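Q: A single structure is presented below for examination.
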Amino acid sequence: MRTPGGQRDIGRRQALKLVTGAVGGLALTTSACGALDGSPQEAKPRARKPVWTVALLDEDGIGKVPDGAPVHHGGVLYIRSKKDGLYAIDAATGRKRWRAPLAGALPGAPAVTSDAVFVATDGGAVQALRTADGEQIWRRAPGRSLRKPSAGAVWTSGSAALVSFLPFTYDDDPDPPPSVLYALDTQNGDLLWHTEASLLEVRDGLAYVNPPDEGLTALDPRTGVVRWSAPPEKPGARCTLDTFTAGLLFGRNGNVGIGSKLVAYDPRTGGVRWTAPAAHASVPVAHGDAVYVSAPGRDRGDEQQLQAFDATSGKRRWTAPAFSTTLNESPTISADTDCAYLSWSEDTGFDEGRTTLRAYAARTGRERWRSERPDSSYAADVSPGKRLFVCYLEDWYCYDARTGKARWRVSAGEGTSGPPPLAADGLLFFANDEGVHALRP
């Protein structure tokens, strides 16, 4: 079962374009108003009243929810707290079903099955809790010998629960310790196997990991047996796992973020189906039969462009006009059936920013609409129903994806960058450091 991981605790103005990728992608969006050319700016859209709100604040009124997204399963939301454990909240009503105290609340998200919730805590431990009442089923500490271990998200596959712990290391450590991946039996917590690797994702009966050489390896979740391995392009390079579509896995191989190639793998064998001819700077986003990346040309100073590839063959379908010559503007891509959306933020001085968005037809690359907004944005999502969501410094905005018009907004909290909204049970759940809001789409 896939569960989202946490994000770093950083300030909003330093968190521009911080997003988690999922199939369907993420987008930073703005309204079609406020073109920064002196024209009047559209007023803020109306604030949407939540169906329910669960506030999770400490005695000083400070939010105590870490940045990880809530996990939904069987009509229940599971939310980590910084101090007092794991909450189970009824998704329809907001009623707190139970709270399980934990010895430390690391940001990694839990994994949930019909019978148990699996969560990692301080000291390299993993706990299994009953979904019915939060009572502990078992607790094991496979990473207790590591130096101040921090955990990623827990994942489950069949009868195995997997989590990787990263030992504490100093910035100037010449030989930093690697992450260690542990697989535990979901029934009793017995250790099945462990290896030096960072867990990236568990999907379709395979665990995808980065071993110490920074390659991409697929393991059997129950036994740890290597199914296939893709080495990095050269020493110092790294392989990523970014998205799936059209029966293929897509990642980057090289100096990620500077000069890496887009690679399409067969997820069962690791065979390379195709490699994009250019060096790519952005995280690729896939939707349907297309993969999108933003990339500069081959020469220094070449302008970045949005490129669309056929996911199966690797043939380039179209290239949108150039939008920037600066790599550190960190463009973000999202896609749905109709359009690909390209967005980036720029610092405009005096602690101010500007977000620019363009929407392109998925099949032809023809520009549908564009907008600019004099504000910084840092996290967003695409949702069914032709909705685009963007989080600015105070609010999540909901936009009509067909026109870019802002429809409504909801509070994004005051602390750190939060996860994109979660759609489930006919509702949208917006989590931030202060708690959770449930809204109707």
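The values are calculated or read from the model by the stated rules, or taken from the named source; none is laboratory data. Here the structure is a predicted model, which is why all the values come from computation and not from measurement. All Cβ positions, glycine included, derive from the backbone under ideal geometry; neighbour counts span all protein chains shown. These accessible areas exclude ligands, DNA and RNA; they are computed on the full protein's heavy atoms, side chains included. Shrake-Rupley method; radii C 1.70, N 1.55, O 1.52, S 1.80 Å.
Q: Under 1.5 on a/c is rounded, so check that first for region 104-166, then, if it is not, pick prolate when a/b is larger than b/c and oblate when it is not; a ≥ b ≥ c are the square roots of the alpha carbon gyration tensor eigenvalues.
A: Prolate is the answer for region 104-166, as a/c is 1.5 or above and a/b outweighs b/c.
Q: While we're looking at this one, here's another question. Could you report region 335-441's accessible area per residue, 1.4 Å probe, as an integer in Å²?
A: Normalised by residue count, the accessible surface of region 335-441 is 37 Å².
Q: Something else: Please calculate how many Å² of accessible area region 120-219 carries per residue, with a 1.4 Å probe and no DNA, RNA or ligand atoms counted.
A: Computed with neighbouring chains in place, this is 44 Å² per residue.
Q: Beyond 23 Å between alpha-carbons counts as too far, so tell me which of K49/K405; K44/K386; K82/K148; K82/K386; K49/K96; K49/K386 fall in that bin.
A: Cα-Cα > 23 Å for K82/K386; rest within.
Q: At most 11 other Cβ atoms within 10 Å and a DSSP loop assignment: could you name the chymotrypsin sites (Phe, Trp or Tyr not before Pro) in region 111-170 that fit?
A: Passing both the DSSP loop test and the Cβ count: Y170.
Q: First compute the accessible area of region 126-246 with a 1.4 Å probe, then give the percent of it belonging to carbon and sulfur atoms.
A: 47 percent
Q: Using per-residue counts of other Cβ atoms within 10 Å, averaged over each peptide, order 261-274, 393-406, 335-348 from highest down.
A: Ranked from most to least packed, the peptides come out as 335-348, 393-406, 261-274.
Q: Ranked from highest to lowest mean number of other Cβ atoms within 10 Å per residue, what is the order of the peptides 286-292, 88-94, 307-313?
A: Going from most to least packed, we get 286-292, 307-313, 88-94.
Q: Can you spot the lysines whose alpha carbon is less than 25 Å from K261's alpha carbon? Ignore those fewer than 8 places along the same chain.
A: Straight-line reach from K261, under 25 Å: K17, K234, K315.
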